[in-house]
Amino acid sequence: MIKKLYKKLLTLYGPQNWWPVISNNPEFEICIGAILTQNTSWRNVEKAINNLYTKNLLHPERILRIPLEELSMLIRSAGYYNQKAQRLRSFTRFYIENSERLKNLDVMDARRLLLSIKGIGRETADSMLLYAFNKKIFPVDTYTSRLFYRLGLVSEDSKDKYYEDMRLMVEKELSNMNDLKEFHALIVMHGKTYCKKKPLCKTCPLQECRTKDLYI
DNA sequence: GGCCAGGTGTAAA
DNA sequence: TTTACACATGGC
């Protein structure tokens, strides 16, 4: 089922080639982006990342050197800027100390480590692990939860409640790293296009969805 | 002008 | 253990 859905989305939208980066420091930039995009549209995040890039701040040591208030203003467009500036800091401090160790750890050990940082929840941790550290894990986001519910794969649209179930469903069927990256990106693309909170089912190209009564 | 976006932490029930 | 709320800008 998952694999079929993946193929379908791939045919519909083509490879997404996530995660988009602009600096020569993808690993750190992706982690920063993962924090900034928490409950925020990527469009708003891009502006913030561009600001950081322009000021040459997409480096752990540099980003720690500017005043917190200045950092907040640079990422203003990404929303929750006071909170996120603090989160960027605490993550970066962790990153400087642990990034090398992270690379050598088993996925789940690395995950536990990331989750111990304040401001890094499951989705953010899993996004970092997959896209920045190239570890095989599937990040479940709001679009995944919504789509899986509408497909009847989970009994309600609750990301928190079924996070691990949905993650494992995917990891069970997709073992290739690139497939995991693409699938997550494709779900977001499809979500932004059709599978919105106010669904565009009439025109949604996913037959498997349209035939379900649940897909409302 | 309201709704929503690639969530997370905390406090109350 | 679940639920409610704070955090906040910008596009449609």
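The values are calculated or read from the model by the stated rules, or taken from the named source; none is laboratory data. A quick note: this is a predicted structure, and the numbers were derived from the prediction, not measured. As a convention, Cβ positions derive from the backbone with ideal geometry for all residues, glycine included, and neighbour counts pool all protein chains shown.
Quick notes on this structure:
- Looking only at the range A:1-60, residues that are of a type in the set (A, V, I, L, M, F, W, C), more than 15 Å from DNA strand B (Cβ to nearest atom) and either without any contact (Cβ under 8 Å) to a residue 24 or more places away in the chain or under 19 Å from A:Y131 (Cα atoms) (or both) come to 4 in all.
- Scanning the range A:20-58 for residues that are of a type in the set (D, E) and more than 16 Å from DNA strand C (Cβ to nearest atom), we see that the one that is surrounded by the most Cβ atoms within 10 Å (Cβ to Cβ) is A:E29.
- Hits in the range A:1-34 - residues which are in a helix (DSSP H, G or I) and in contact with a Phe, Trp or Tyr (Cβ under 6 Å, 6 or more places away or on another chain): A:Y6, A:I30
- Which listed residue, of A:L151, A:L113, is among the aliphatic types (A, V, I, L, M) and in contact with an Asp or Glu (Cβ under 8 Å, 6 or more places away or on another chain): A:L151
- Restricting the range A:127-145 to residues that are away from DNA strand C (no atom under 16 Å from the Cβ) and in a helix (DSSP H, G or I), the residue that is nearest to A:H190 (Cα to Cα) is A:T144.
- Checking A:F183, A:F148 one by one, the residue that is free of Cβ contacts under 8 Å to residues at least 24 places away in the same chain and either assigned to a helix (DSSP H, G or I) or exposed (fewer than 15 other Cβ atoms within 10 Å of the Cβ) (or both) is A:F148 and no other.
- Failed item in (1) under 30 Å from A:E173 (Cα atoms); (2) within 16 Å of DNA strand B (Cβ to nearest atom), with A:A78 passing the rest: (1)
- Residue list for the range A:186-202, filter: at pLDDT below 95 and either touching a helix residue (DSSP H, G or I) at 6+ places or on another chain (Cβ under 7 Å) or crowded, with 19+ Cβ neighbours inside 10 Å (or both): A:C195, A:C201
Yes/no matrix, rows are residues, columns are (1) of a type in the set (D, E); (2) under 15 Å from the mean Cα position of the chain (by Cα); (3) closer than 20 Å to A:S127 by Cβ:
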{"site": "A:G14", "(1), (2), (3)": "no, no, no"}
{"site": "A:V21", "(1), (2), (3)": "no, yes, yes"}
{"site": "A:P26", "(1), (2), (3)": "no, yes, yes"}
{"site": "A:E29", "(1), (2), (3)": "yes, yes, yes"}
{"site": "A:W42", "(1), (2), (3)": "no, yes, yes"}
{"site": "A:K47", "(1), (2), (3)": "no, no, yes"}
{"site": "A:P67", "(1), (2), (3)": "no, no, no"}
{"site": "A:L74", "(1), (2), (3)": "no, no, no"}
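- Residue list for the range A:88-126, restricted to those being under 21 Å from A:D165 (Cα atoms), touching a Lys or Arg at 6+ places or on another chain (Cβ under 6 Å) and within 16 Å of DNA strand C (Cβ to nearest atom): none
- Test: residue in the range A:158-165 that is in contact (Cβ under 8 Å) with a residue 12 or more places away in the chain, surrounded by 13 or more Cβ atoms within 10 Å (Cβ to Cβ) and within 15 Å of A:K4 (Cα to Cα): no
- Candidate set from the range A:133-157 (those that are touching a Gly at 6+ places or on another chain (Cβ under 9 Å) and of a type outside the set (D, E)); member that is farthest from DNA strand B (Cβ to nearest atom): A:L147
- Boolean, A:G152 is on the phi > 0 side of the Ramachandran plot and of a type in the set (G, A, S): yes
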